[in-house]
Amino acid sequence: MKTVDSYNFAGKKALVRVDFNVPLDAQYNITDDTRIKATIPTITKILNDGGSAILMSHLGRPKDGPTEKYSLKHLVPTLSETFGRAVKFADDCIGQSATDLAASLQPGEILLLENLRFYKQEEKGDVEFAEKLSKLGDVWVNDAFGTAHRAHASTAVVGQFFQDRVCGYVMLAEIENADKILNNAEKPFTAIMGGAKISDKILIIERLLDKVDNLIIGGGMTYTFVKAQGGNIGKSLLEADKQDLALDILKKAAEKGVKIIMPVDNVCADDFSNNANRQTVAAGQIPDGWEGLDIGPETVKLFTEVVANSKTILWNGPMGVFEFENFATGTNAIAEAVVKATEENGAFSLIGGGDSASAINQAGYGDRVSYVSTGGGALLEYMEGKTLPGVAALQ
């Protein structure tokens with residue numbers, strides 16, 4: 001696999017697949033620029049070599065072609081400020097405006113193409129569409145690990161039209177950090193799995209059972225485990241058809257000598273809102289009409305102790321409904337525990353994408369853990385052992 005470090009971009013137009021799928025507010029201001037910042041090293045290397053960068057990305061899930069709220073033009077002011085130069089914008093990703101602007105691009109310049117998903121052909125992995133994209137640049141750089149699990153035109157198919165296919169810094173770092181967790185984890189190794197559903201995490205949990213010493217389970221998925229063991233969960237989140245699966249996970253963990261640590265108490269509410277009435281109850285004793293929305297104080301102590309004694313930590317998924325300030329205590333406490341283990345005990349900590357990345361960044365701890373993945377679903381699939389089309393296309 002060619003990497004950015006091993007390639008000289010002098011005089012080359014680099015067609016770079018980035019992941020600029022960033023959240024925007026109602027006025028189209030970017031509310032979290034983590035993904036943009038992540039691409040700075042790759043784009044800077046291209047420009048410093050004497051090359052130019054043609055950036056392509058998707059934004060959101062537009063249903064019917066061009067849509068104002070999903071236009072990448074809203075990113076231009078932030079990108080221009082980030083890179084200290086006026087970023088050019090093509091109001092199409094193929095077609096005349098893209099072709100003309102790409103053709104006239106000079107070394108040191110940046111061109112941003114309009115949202116790839118304004119064309120249905122992008123997600124279909126259409127070969128003809130990929131070929132049109134390929135004509136814009138001399139070398140293809142894939143730096144969008146977050147979409148590497150999709151066999152889309154720009155993330156995988158376009159690679160066949162280039163002799164030079166280069167792995168960007170974001171992509172490389174994601175792969176290296178995931179491999180470190182999977183293949184070279186220092187013991188004790190603790191995985192913290194949160195989020196809503198067991199079904200979303202079952203494959204990675206089963207794979208981790210062969211690798212971890214401790215598996216901490218938090219978030220909405222815990223209630224399915226509790227219900228399966230005969231506890232009361234009120235109206236908490238439940239995957240009724242996954243109760244046997246939950247018991248099976250507990251059995252497999254016991255057979256493999258993996259310690260599963262689950263909440264001993266929960267903060268529950270009488271309504272799914274930040275201002276609902278709250279009470280803390282023992283796990284499995286949530287009253288009818290109430291739902292668990294966070295882990296309780298005794299659970300925080302229990303989880304924190306396990307994390308403190310770990311040398312490798314993988315965290316994927318929040319401990320509760322952290323979007324509600326009154327139910328973010330558990331998630332924030334785990335973030336603090338992971339930071340402390342990293343800074344004071346020299347643990348290697350990987351925060352695994354999506355909500356966990358948002359939680360750790362919201363708490364201001366993003367630069368105090370070993371690595372925050374922007375990969376989301378791609379990281380999970382990579383860790384499940386699946387081949388990612390966007391990675392395979394670089395090899």
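Laboratory data are not the source of any read-out in this text; all were calculated from the coordinates shown. Note that this is a predicted model, so its numbers are computed, not measured. Quick reminder, even Gly has a Cβ in these numbers, built from the backbone with ideal geometry, and neighbours come from all protein chains shown.
On the beta carbon distance between residue 92 and residue 182, with R0 = 45 Å, the FRET formula returns roughly 0.65. Label segment 298-381 by shape, choosing from rounded, prolate and oblate, from the square roots a ≥ b ≥ c of the eigenvalues of the Cα gyration tensor; if a/c is under 1.5 it is rounded, and otherwise prolate applies when a/b is larger than b/c, oblate when it is not. Cα axes put segment 298-381 in the oblate bin.
Between the listed residues 222, 185, 249, the Cα displaced farthest toward the positive end of the dipole of segment 121-250, a dipole computed from Cβ unit charges relative to the Cα centre, is found at 222. Between residue 279 and residue 229, the FRET efficiency from the beta-carbon distance, with R0 = 22 Å, is close to 0.55. Angle of helix 198-208 to the longest C-alpha principal axis of the chain, folded into 0 to 90 degrees and rounded to 10: 90°. Summary of the geometry: segment 152-227 and segment 288-336, compared by the centres of their Cα atoms, lie 20 Å apart.
Only aspartates and glutamates eight or more places from residue 197 in sequence, or on another chain, were considered; those with a Cα closer than 18 Å are 206, 239, 241, 244, 248, 291, 294, 323, 355, 381, 384. Of the cross-linked pairs 73/201; 37/180; 180/256; 180/227; 69/227; 2/180, those separated by over 30 Å at the C-alpha level are 73/201; 180/227; 69/227.
Extension gain residue 247-residue 25, at 0.36 nm per residue separation less the Cα-Cα distance, in nm?
Working: separation 222, 0.36 × 222 = 79.92 nm, distance 4.19 nm.
Residue separation times 0.36 nm, minus the Cα-Cα distance, leaves 75.7 nm.
Ignoring aspartates and glutamates fewer than eight residues from residue 45 along the same chain, the ones with Cα atoms less than 13 angstrom from its Cα are 5, 109, 143.
Only Cα pairs under 8 Å and at least 6 apart count here; give the relative contact order of segment 241-395 as a rounded whole percent.
Values: 228 pairs, mean separation 24.6, N = 155.
About 16 percent, as a whole number.
Here the spin labels are modelled as points 7 Å beyond Cα on the Cα-Cβ line, and at residue 131 and residue 78 they lie 3.6 nm apart. Remark: the residue 395-residue 124 segment gains 95.4 nm on full extension, using 0.36 nm per residue and subtracting the alpha carbon distance. Across the chain, the fraction of Cα-Cα pairs farther apart than 25 Å, rounded to a whole number, is 58%. Computed from Cα atoms, the angle from the helix 329-345 axis to the main principal axis of the chain rounds to 70 degrees.
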